[in-house]
Each structure stands twice: as C-alpha cells, then as structure tokens.
Amino acid sequence: MDKYAEQTQQEFEGWEDFFHKPVDEKVKYFKRDGRIFDVIYAQQFDRPFLDHLCNLAEMIRHLARTKVGQSKLRHLLPHKRAMLYFVQPSTRTFLSFQNACHILGLTVSEIRGTSTSSEVKGESPEDTIRTFASYVNLIISRHPEAGFAEKTAWVLNQTERPVPVLNGGSGPDQHPTQALLDIYTLEREFRTIGGLDGKKIAMVGDLKRGRTVRSLSYLMKNYKNVELVYVAPQVFKMKDDIKEFLNKHNIPFKETEDFESIMPEVDAIYMTRIQNEYAADPTSEAETFPGFHLKTKHMSMIQTHCAILHPLPRRYEIDVRIDKDPRAAYWRQERCGMWIRAALIAYIFRVDGGITEEFN
Ligand code: NCD
C-alpha cells in the first residue's frame, strides 16, 4: 500500500500574496542580520557572496588535505544536526550535502521518500517539515514541486523555531546550490585565464525543464561581459522568464538549434539531459536528440581551453571517450559540489570566519 490517506491541504494566511510578489521583494524575507538565512533562489546570491563562497570552498578543500585540517573542520559544527529531506531521486546532491555535513562535523538524518514518512497518513508537507524543525538545526530539501522549498521556509519563518532551509532542487524551477557549484567549477577551470568574467557559455539540451541551467542563468548577472548561447531543440527552448531576466540585466544571449556552428566560439559548454520525468508519460519521450550530443569528433572543433560541464546524471549527451580529455570538467564539477556545499553550510552557521582565520 502506498498511502492510507490523501495529503491534507492546509491554507496559510498570506502565502498567496507572498508567492506572487517579485523575487526581488521576497529575498529580504529569507535573510537575517544582513546574511542569507534560507537558500531558496539563485537570485539571492551577489558577487561578494559568490566570491566569498568560492574562496571558502578552496580553503576547506585545502584544510581537508591533512588529518589536522580535517579535524579542525570537524570541530566547527559538531553541536548541529541537519535533516536531508529528499523526496525526489538524487545521488550527487544528496551525497554531496551529506558529506559536506560530515566534513563540518554535523550529524545528519534523512528521509528519502514520502512512503516512509507520515505523509502516507495524510500529513501535510508543511507539518512534516515543521516536525523536522523540532529535531534539527538545518533542513535540506529536494522536492518534485516548484516552490516547495520557498513555501516551507516561509511557513517555518513564522514559527517559534525557524531553522534554515536549503533548496536542493525544487521541481523544474530552481537548483540554487547546483548553480553555486557550477560557478565555482567555472571559476576554477578558468583560473589561469581571468575567471568567469568575459566568457561565452553555451547551455545545451532540455533548457525548458532543466532547473540547473535556469539557476545558473540567473547568476550570470554577477559577472562582467558574460555572453550566453542557448542550444536546444525547438520543444525544449529556454523559457521566456529567463530571457526577460537576461534582457533586463543587459546580458547578451542568442538561441540556436545548430550546436556545431557555435562550438568554436564558446569558452564553456554546459550539457544537460532531457528531463522526461516531468512529462505526463515519461516513457512517451524516447527521442534522444543526437544533434544536441557532444561527440569525440567535436573535440577538435572546440577551443583548447573550452570547459565541458554537466550537472550529471548523463545519458547519451556526452560520449564517455570524452571523459579522458582534460577539458572534460564534469567529474571535477561533481566534487566541487561537496566543497561549496560545505562552504555554504559554514556560512549559514557563521563559522566561515573560523576557516578564513586559518589562512591569515
Ligand atoms: C540535476 C538535477 O537534479 O536537477 N542533477 C543534479 O542535481 N546534479 C540535473 C539532472 O537531473 O539532469
């Protein structure tokens, strides 16, 4: 049996009003004392914050190379507990958050499916999240519904025990911590050629339902002279809300279905898979769109410094033979996720000063 009762629908006074406000107005609600408290949307991050987190991630990575350094890191947050509420499939985001917690000494609990929680008894997701807040100091969630993390953070912030909520992916909408690790990876891959400023980045694949490319696009406003190229089949074109955002912030972008034609001009290629879990019948989408795959023959067409990224998991978008090419950054990117998530958690609990101090 899957569940005994349908989920209880609860009305929260003021939620509809809040939900329909522009994000620019909402971000202050997720801050405390001038610092980010809940991580819900990529639009919350500005350049000083991004630079700070990338530096912090480098320092954590450096400390973690030795036993002494690892022990220092583990002693930063042994008095804190985190809850991983992941009710949508996840390998990387779950494991990287879990290991980021371990690096800093946090204790972690987890729920990985609604079938093992009281949601089968008809409990509302809001009550379920409030329950976590009774036991832990941090909630990290992944949910199939757009806006889920936003609503739970909003509800919790009105209770007597608000704990920070980190959005580990909310449906086809946003994946802000993936965007953080993507930025960190790009900055690292370009460290000898001036970082991300001034670079041209192609995003390829299902741009319509891929939340990673949406969140990453928002972050481009923090970098100087960046250009974007959206490469997608007609059915999976980037949605208008993101294009309007880019226009508003004067970020040049173009759209094409001809992947090969733009290969020689870009500094990075961000590949994505077709997100058919969001289709009414996922099995009806068998098409793999080979024109949007990166093949070995393309490696001589791209620049010698071109970084190839992919949030993973991959299907057929990148030929495995490309993994051996030094420009293939996706496995390094995966590891970057653990370090930057550790940096984010250190920032949230305000122990980032304890890390930077080690390097003064
Ligand atoms: C991505 C996601 O879940 O949105 N994966 C991830 O978090 N690394 C991308 C994907 O599933 O295609």
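Every read-out reported here was derived from the displayed coordinates using simple, explicitly stated rules and does not represent laboratory data. Quick caveat: nothing in here was measured; it's all calculated off a predicted structure. For neighbour counting, all protein chains shown are included, and Cβ atoms are generated from backbone atoms with ideal geometry for every residue, glycine included.
Restricting to lysines 8 or more places apart or on different chains, can you count the pairs in the stretch 214-275 with Cα atoms under 15 Å from each other?
Count of close lysine pairs: 7.
Please find, in a Gaussian network model of the chain (springs between Cα atoms separated by less than 10 Å), the residue of 24, 51, 173 whose mean-square fluctuation is greatest.
Result: 24 has the largest fluctuation of those listed.
Counting Lys +1, Arg +1, Asp -1, Glu -1, what net charge surrounds residue 294 among other residues with beta carbon under 9 Å of its beta carbon? Before the final figure, lay out each step's value.
Working: positive: 295; negative: 317, 319.
Its environment carries a net charge of -1.
How do 153-165, 245-257 rank on mean C-beta neighbours within 10 Å, highest first?
Ranking, from highest mean packing down: 153-165, 245-257.
Taking every pair of Cα atoms in the stretch 49-94, average 1/r, invert it to obtain the Kirkwood radius, and report Rg/Rh to two decimals. Write out the running numbers ahead of the final one.
On the way: Rg = 13.8 Å, Rh = 12.9 Å.
Radius of gyration over Kirkwood radius for the stretch 49-94 works out to 1.07.
Once you have the Kirkwood Rh of the stretch 175-236 from its Cα pairs, apply Stokes-Einstein at 20 °C and 1.002 mPa s and quote D in µm²/s. Working shown, then result.
Working: Rh = 12.1 Å.
The Stokes-Einstein estimate is 177 µm²/s.
Pop a pseudo-label 7 angstrom from the Cα along the beta-carbon direction at both residue 321 and residue 257 and give the gap in nm to one decimal.
Here the modelled spin labels are 2.8 nm apart.
Of the beta bridges DSSP finds with both residues in the chain, what % are antiparallel, to the nearest 5?
Of all bridge pairs located within the chain, approximately 10 percent are antiparallel.
For the stretch 106-215, I need the span (max minus min coordinate) of the C-alpha atoms along each principal axis, in Å, sorted largest to smallest.
On the principal axes, the stretch 106-215 reaches 53, 30, 24 Å in Cα extent.
Just add up the charged neighbours of residue 181: K/R +1, D/E -1, any other residue whose Cβ is under 11 Å from the Cβ of residue 181.
Counting the neighbours of residue 181, the net charge comes to +2.
Work out Dmax and Rg for the chain from the C-alpha atoms and quote the Rg first, both in angstrom.
Cα only, the chain: 20.4, 59 Å (Rg, Dmax).
Run the count for the stretch 60-207, please: Lys pairs, Cα-Cα under 27 angstrom, 8 or more apart or on different chains.
4
Roughly how big is the stretch 279-360's charge dipole about its Cα centre, with Cβ charges of +1 (Lys, Arg) and -1 (Asp, Glu), in debye to the nearest 20?
Dipole about the Cα centre, nearest 20: 300 debye.
Pairwise over distinct Cα atoms, reciprocal of the mean inverse distance: report the Kirkwood radius of the stretch 42-201 in Å, one decimal place.
Taking the inverse mean of 1/r over all distinct Cα pairs, the stretch 42-201 comes out at 17.2 Å.
If each DSSP helix of 4+ residues adds -39,500 (n - 2.57) and the sum is divided by the residues in the chain, what number results at 222 nm, nearest 500 deg cm²/dmol? Show your work: numbers first, answer last.
Details: 13 runs with 127 residues, N = 360.
Computed ellipticity for the chain at 222 nm equals -10500 deg cm²/dmol.
Using the basic label-point model (7 angstrom from Cα toward the beta carbon), what is the residue 295 to residue 192 distance in nanometres?
3.1 nm
Which residues in the stretch 46-72 have a backbone N closer than 12 Å to a point placed 7 Å from the Cα of residue 335 along the Cα-to-Cβ line?
Label zone hits: 61-62, 65.
Taking 0.36 nm per residue of separation and subtracting the Cα-Cα distance, what length does fully extending residue 29 through residue 12 add?
Once the chain is fully extended between residue 29 and residue 12, it gains 4.5 nm.
Given 0.36 nm per residue, what is the gain on full extension from residue 160 to residue 276 after removing their alpha carbon distance, in nm?
37.8 nm is the gain from fully extending residue 160 to residue 276.
Using 1/(1 + (r/R0)^6) with R0 = 30 angstrom and r between the beta carbons of residue 247 and residue 286, what's the FRET efficiency to the nearest 0.05? It would help to have the intermediate numbers written out before the result.
Working: r = 35 Å, r/R0 = 1.17.
Computed FRET efficiency for residue 247 and residue 286: 0.30.
Can you list the GluC sites (Glu not before Pro) in the stretch 1-76 that are in a DSSP coil and have 13 or fewer other beta carbons within 10 angstrom?
6, 11, 13
Taking the stretch 1-81, which chymotrypsin sites (Phe, Trp or Tyr not before Pro) meet the DSSP loop condition and have no more than 10 other C-beta atoms within 10 Å? The partial results should precede the final answer.
Details: sites: 4, 12, 15, 18, 19, 29, 30, 37, 41, 45, 49; in loops: 4, 12, 37, 41, 45.
For chymotrypsin sites (Phe, Trp or Tyr not before Pro) across the stretch 1-81 that sit outside H, G, I, E and B with at most 10 neighbouring Cβ atoms in 10 Å, the list reads 4.
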